[in-house]
Protein chains: 2
Amino acid sequence: MSKQLPIVDAGAERCSPLVREPLSETQAVDLAKVFKAVGDPVRLRLLSLIASHDGGEACVCDLTGAFDLTGPTISHHLKVLRESGLITGERRGTWIYYRVQPETLARLSAVLTPADCSVVTA
Amino acid sequence: MSKQLPIVDAGAERCSPLVREPLSETQAVDLAKVFKAVGDPVRLRLLSLIASHDGGEACVCDLTGAFDLTGPTISHHLKVLRESGLITGERRGTWIYYRVQPETLARLSAVLTPADCSVVTA
């Protein structure tokens, strides 16, 4: 919870933090970690496979077929995605079911949106 | 083979590519390169400093003061940002002036937007 970026007011949110003012070192370190997690083709595809899977969730059993990689390698990448807050995992029976965390995606997306700061309204 | 091809129209573009269907390997390799470029705190701060600078542009002379890094290190990071299409550089006199490429930011942002595909309208 303490990992969250400082909350700015709803209106200012529409203006990209990147454009509004220079990111602080702490904000940059925090965000870079998450961007680095998606800065890998396997992890990006995993994220996309999970997000686009029926019901918005997938288990390792649904994911391994798409890759020419071992189970442990896939698990490692899933762990990185999980630790960055990009996905959550819930154990049900034999499998862990993964879901994308829309809040984390939205946060990254908002940082990058080159919004026009001059039209910000509350 | 019986898998239906997704129908993509102008409206569907609003639904995040990540959620709509699994990213192809080529798309993922392509995008991951750009995400990796922003997956570094120094580069994120450089991007933000450039974007938020007066007139939306900045030269190295405007940027070095914010970091405890040598000129060549800053230049290296600027080169990575430039090669990923995140910034452009234009030489004017002694200095190269950098600007953020809003199209590249918008592309990354769109990939991550967890849009609700069910409410897509044409």
Restricting to Cα pairs under 8 Å and 6 or more apart, the percent relative contact order of region B:22-112 works out to 30 percent
Residues of region B:22-112: accessible area per residue with a 1.4 Å probe, Å²
48 Å²
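Kirkwood Rh, region B:22-112, all Cα pairs: how many Å?
13.7 Å
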B:ALA106 versus B:ARG92: modelled label distance in nm, points set 7 Å from Cα along the beta carbon direction
2.3 nm
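Carbon and sulfur: what percent of region A:22-112's accessible surface (1.4 Å probe)? Don't jump to the answer; show the numbers that get you there.
On the way: 2120 of 4170 Å².
Whole-percent figure for carbon plus sulfur exposure: 51.
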In nm, what does the list of distances from A:GLU83 to its counterparts in the other copies look like, shortest first, when each label sits 7 Å along Cα to Cβ?
2.7
Contour excess over end-to-end distance, with Cα ends at B:GLU83 and B:ASP62 and 0.36 nm allotted per residue:
5.5 nm
Accessible area lost on pairing B with A, both sides, 1.4 Å probe, Å² to nearest 100?
2700 Å²
Nm distances between the label at A:GLU25 and the same-position labels in the remaining copies, 7 Å along Cα→Cβ, shortest first?
4.2
Work out the mean other chain Cβ neighbour count within 10 Å for the residues of A:22-34 and drop it here as an integer.
5
For A:GLU103, go 7 angstrom from Cα along the Cα-to-Cβ vector, then report the distances to that same point in the other copies in nm, smallest first.
3.6
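The values are calculated or read from the model by the stated rules, or taken from the named source; none is laboratory data. For clarity, every value in this text was computed on a predicted model and none was experimentally measured. With ideal geometry, Cβ positions are generated from the backbone for all residues, glycine too; neighbour counts draw on all protein chains shown. Surface areas here come from the heavy atoms of the whole protein model, side chains and all, with no ligands, DNA or RNA. Shrake-Rupley method; radii C 1.70, N 1.55, O 1.52, S 1.80 Å.
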